[in-house]
Structure formats: C-alpha cells, structure tokens
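**Q** Just passing along the structure, written as structure tokens.
The values are calculated or read from the model by the stated rules, or taken from the named source; none is laboratory data. Predicted model, so just to flag it, every value in this text is computed and none were measured. Note: ideal-geometry Cβ built from the backbone for every residue, glycine included; neighbour counts use all protein chains shown. Ligands, DNA and RNA are excluded from the accessible area calculation, which covers all protein heavy atoms including side chains. Shrake-Rupley method; radii C 1.70, N 1.55, O 1.52, S 1.80 Å.
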Amino acid sequence: MKILIVDDEPLILKGLVKIVEEVAPAGSDICSAFNAWEALETMKRFMPNVTITDINMPEKNGFELIHDARLEGLCDRFIILTGYDEFEYVRQALRSGVVDYLLKPLDKKEIAGLLSRVKEELPAATDSEYSRHAERILAYLQLNYMNDLSLDHLAEHMSLHPNYISSLFKKETGDTFVNYLNSLRIREAQKLLKTQPQLTVCAISQQVGFDTKHYFAKVFKKYAGTTPGAYREHKEEDESIQAINGKD
C-alpha cells in the first residue's frame, strides 16, 4: 500500500512519517510532502492509495488538495489530520467523503486501524488481469520496439499507470521495462547482423531503435558480450566453416 503524508510543519511531518512507518501494514511504501503543491506533483509519480493530509496549509489547504487530486485522478482516499476540533471542518470533511477526520497528536492505534481498513478495501489485480495486460504490452513492444519508447509513453498508450506497468514487468518477465526493451532490441539486431550483410552497423542500430551507433554498441556489448562488428565477423566465420565442412 502506498501512503502519502502531507503537512507544512517539517518537525510534525517527520514525526507523522515515523509513526505511520511503525503502524502501517507490512510492505507499505510511505512518501511525504510539505504542501499541497508538492503533494500533487508527488502523486503524479507515486500514485498513493491513501493520503493523510493537514488542513491548514499555505496557498492551498487540505480540502483544496483533496478536490484537485480527485479531479486529476491522482488519489481518492484521504484521511484528514488537524489540530483544530471545529464543527465546520468536520462538516467539510464529511462532504469531501474522506476516510476519517483525526485530531493531532496522532493516536497510533487509531491510525493503524484506519490504514488496515483502507488496505482491505483496495482492489488487487487478479492473475488474469495481469496476464491480459502483460500480453497487450509485450505484443505492442514486439511491433514497436524500433520506435522511441518510454515507460510513460507505454502507460499513456495502454491507459495504465507507469508504476503498475513497472510492477507487471517484474512479475511477468522477472526484468525491468528498460532491460526487457533493450534485450528485445539487441536480439533483433543480432538477427539483422547475421542475415543482412549489406546493412551497416549504423543502419541496423537505427532500425532497432537506437539513436546513435555509439550507444547501440555500448548496449550491444552489455547484452551480447561483444561488439556488433565482432559479432557479425564471428557469425560469418562460423558460416564459412560450416560451408567448408558441408563440401567435405
């Protein structure tokens, strides 16, 4: 579970993070932000399952943060934490549909129970969903590996979050997105080096998606253990030997 904590008081924020780290469900990932603007930017890359936020913050308060985050689809579960026990705040919190409204100082048992409840409510992707998404993504890469691809581009095209795709790749392939893509490109480059002797190394590097010959050579050596030129020469030597042996 991903938890974002927002408070404009550095010492209070540090204390909140420490408490939540102690009581959050096992395996939780915790991030923090000093104000609403920083929280919104953090959400875009972190995509929290729940956000614990103060109300009184400069420029944009907690309720405005909740509104903007939901509007952009960045987070839909919020726990409000404030030092003010005022009815108007409680009423606004209820209208905002927050998970709960807590008063400072934070009670460990109370927040532990809330976070456990949130975790139980989170939908988990089923194995079939993972497999279906994985098939779509791997098929897309097989057809488009030669194009300028990035995790963000793939996420946008597939209407999935980059973090989800990254996790999916690790689960389905045991590798990262970048390593998988580079490995795919190098395998295709090896085929071309072997079957298309008229193509230069530079031309092949461009055909499989690398901007420069130098970077292609660097990545090729990392994955193939040799340079593109040496790989081609070795394959040509093997073929010549096989041809000679065939005549014999």
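**Q** For the Cα atoms of the chain, what angle does the longest principal axis make with the long axis of helix 228-247, in degrees from 0 to 90, nearest 10?
**A** So the inclination is approximately 40 degrees.
**Q** Then there is this: Based on the Cβ-Cβ distance of Q196 and K222, what FRET efficiency does E = 1/(1 + (r/R0)^6) give at R0 = 25 Å, to the nearest 0.05?
**A** About 0.65, to the nearest 0.05.
**Q** Kirkwood hydrodynamic radius of region 91-209 from all distinct Cα pairs, in Å?
**A** 18.0 Å
**Q** Can I ask one more? To the nearest µm²/s, what D does Stokes-Einstein give for region 32-92 at 37 °C and 0.692 mPa s, using the Kirkwood radius over alpha carbon pairs as Rh?
**A** 280 µm²/s
**Q** Right, here's the next one. Taking Cα atoms of the chain, Rg/Rh with Kirkwood Rh, to two decimals?
**A** 1.19
**Q** Based on Cα coordinates alone, diagonalise the gyration tensor for region 1-77, multiply each eigenvalue by 5, take square roots, and list the semi-axes in whole Å, largest first.
**A** Computed over region 1-77, the values are 19, 16, 9 Å.
**Q** Continuing with this model, one more query. Bin by bin, in steps of 10 Å, what percent of the Cα pairs in region 14-152 do you find, going until the bin that has the longest distance?
**A** It works out to 10, 34, 31, 14, 9, 2, in whole percents.
**Q** Straight-line reach from K109: which lysines fall under 18 Å, measuring Cα to Cα and dropping same-chain residues less than 8 apart?
**A** K18, K119
**Q** Now, a different point. Normalised by the number of residues in region 84-205, what is the relative contact order in percent for Cα pairs under 8 Å and 6+ residues apart?
**A** In percent, rounded to a whole number, it is 15.
**Q** Determine the percent antiparallel among the DSSP beta bridges restricted to the chain, to the nearest 5.
**A** 0 percent
**Q** What FRET efficiency, computed as 1/(1 + (r/R0)^6) with R0 = 35 Å and r the Cβ-Cβ distance, is obtained for K108 and R136, rounded to the nearest 0.05?
**A** Efficiency for this residue pair is about 0.25.
**Q** Using alpha-carbon pairs under 8 Å, 6+ residues apart, how would you state the relative contact order of the chain in percent?
**A** Relative contact order here is 12 percent.
**Q** Whole number in Å², please: accessible area per residue of region 21-86, 1.4 Å probe, ligands, DNA and RNA not counted.
**A** 47 Å²
**Q** Starting at the first residue of region 47-64, write each ³J(HN,Hα) from the Karplus equation 6.51 cos²θ - 1.76 cosθ + 1.60 with θ = phi - 60°, in whole Hz, x for Gly and Pro.
**A** Each residue of region 47-64 in turn: 6, x, 7, 8, 10, 9, 10, 6, 8, 7, 9, x, 6, 9, 7, x, 5, 5 Hz.
**Q** For region 149-189, what does the accessible surface come to per residue with a 1.4 Å probe? Please give it in Å².
**A** 47 Å²
**Q** Name the lysines eligible as straight-distance cross-link partners of K235: C-alpha to C-alpha under 16 Å, and not fewer than 8 places from it in the same chain.
**A** Within the straight-line cut-off, K235 pairs with K191, K194, K221.
**Q** Students often check this: by mean Cβ neighbours within 10 Å, which of 157-163, 226-232, 74-80 ranks highest, and how do the rest follow?
**A** Highest-to-lowest ranking by the protection proxy: 74-80, 226-232, 157-163.
**Q** If you roll a 1.4 Å probe over the chain with all protein chains in place, what percent of the accessible area is carbon or sulfur?
**A** 51 percent
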